[in-house]
Structure formats: C-alpha cells, structure tokens
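First the structure, in the form of structure tokens, and then the observations on it.
The values are calculated or read from the model by the stated rules, or taken from the named source; none is laboratory data. Bear in mind the structure is a predicted one, so any value in this text is a computation, not a measurement. So basically every Cβ, Gly included, is an ideal-geometry build from the backbone, and we count neighbours across all protein chains shown. Each accessible area value is taken on the protein alone, full model and side chains, heavy atoms only, with ligands, DNA and RNA left out. Shrake-Rupley method; radii C 1.70, N 1.55, O 1.52, S 1.80 Å.
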Amino acid sequence: MLKVVVVGLGKFGRTLAVHLHRGGAEVLAVDRTTRLVEEVADKVTVAVGFDATDAGNLEAYDAGAMDVGVVAVGQNFEASVLVTMHLKNLGVPQVFAKALNEMQEAVLRRVGADQVIKPEEDMGARLASHLLHDSVVDFVELPQGFSLRRIRVPDQWHDKSLADLQLLGKYRLNLIQVRRRGSGRGEGDGSGPVLFPLPDGTMVLRAGDEIDVIGPDQALKKYA
C-alpha cells in the first residue's frame, strides 16, 4: 500500500489527501490549524495538528517511513522549504513540493524536492496541450471500477517481452505506452523520457520503465 504524508491542508492539500485515501493509499494529513485537521479527520488514515517545521514532530509520527511526501503549504514559503528539507533528511524517497513561481521552484529543488508542483500553471499547460492536440484521454469517463494509470514496471518483469508477459490475458492490463528514461539505450542520459506508444510483442521491458495502462482498479492497486 502506498503511504503518503501530506503537509498543508488548504484546498490543494486537502483535495489531494482525500483522493489519495479514496484510491487506497495510507495518508497522514498534517496541518497546524485545528479546523483544517478536523475537516479531513474522517476522510484520511490519520489527521494530526502540529508544526511540521519542527523535524521532531514529523519524526514522532514516523513521517520518514512514508513512500511519498507532499508539501502543500500555502503562503508561508519559509515553512515549505523547511518541511521539504526535513522530509528528505528523514529519508522520504519522493518529495513533491508546491511552488507559486519559478524562483520558489529553484529553491525547493535545491533543498531536495524531487518534483515541484505549480498547480494553476501545470493545469493550464496540460489543458492547452490537450486542446491543441485533440487529446481527451484525461477527460474520458471510464466505466466504474476502471482507471487509466501510470505504473512502474515491477522487478519481476525486467528483461521480459510483452509477448511473454501477456499483460491483458494474465493481468487484465491494456497497455497504451512505455516510458523509458534517457536516450532509450539504458544509459540514462538525462534527456527526458522516450515514449513507445502501442508497442508490439517484441518490446522488452526494463526495471525503471513506466507504463500507461487501462485496467480494473483492483488489478491496479497492487502496482500503486
């Protein structure tokens, strides 16, 4: 089960925490404002009120054992920087931090943020891309119980072809594309992911690849 700590329960953080929990994740929701904590208390795994800029508080709730940390602190950028730094120091593998502009993004990356989110800008760019390319995949309503997800290739699928894996027959996963880091030669040259849309059965998967698939929610949960 995916374990996520969300720090900051404004509109963005609250929505994220609730939807993660609905999707089957274990969610620790944190905010220093009692009212905001109470509003999500019955919608997440654990909701607590404390000052997350104090690393001791995060450590007391075992935040370092989480798979992902999301720093969704609102206007207090200093707090956002401190919380991001604390989560990385505690050993959280992936930390996502919210930024309002490029300068904040640069600082957050410097203190350890793995990904920086600019909600309004990111959503605007995403919508523009879909409109320009006539792509509606994110706006298509799939049948209840089915989802489009991006999952990381499990270690046991490494060096196996799609023909051998038979994802649809064995796992009920309909593969759309494979995303591979770097140049596609396995060298990780940092040039960004290479996409392999609708690959045939000869495509060989590698550990570290990500695949976009459509499948039943129950089948997808194990790959979260």
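Brief remarks on what is shown
- When DSSP beta bridges are restricted to pairs lying wholly in the chain, around 45% turn out antiparallel.
- Pairwise FRET efficiency - residue 120 versus residue 163, Cβ, R0 = 45 Å, nearest 0.05: 0.55
- Computed helical MRE - 222 nm, the chain, DSSP H runs ≥ 4 contributing -39500 (n - 2.57), nearest 500: -8500 deg cm²/dmol
- The H on the amide N of residue 147, modeled in the peptide plane, is under 5 Å from the matching H of 215, 217, each at least 5 residues off or on a different chain.
- Positive minus negative residues near residue 60 (Lys, Arg vs Asp, Glu; Cβ under 13 Å): -4
- The chain, accessible area per residue, ligands and nucleic acids excluded (1.4 Å, Å²): 58 Å²
- Computed FRET value (nearest 0.05) for residue 206 with residue 48, which takes r as the C-beta separation and R₀ as 41 Å: 0.55
- For Cα extents along the principal axes in Å, calculated from these coordinates, the label among [x] 70, 45, 34; [y] 53, 37, 37; [z] 58, 47, 29: [y]
- Residue-span extension gain [residue 11 to residue 33] - 0.36 nm each, minus C-alpha spacing: 6.6 nm
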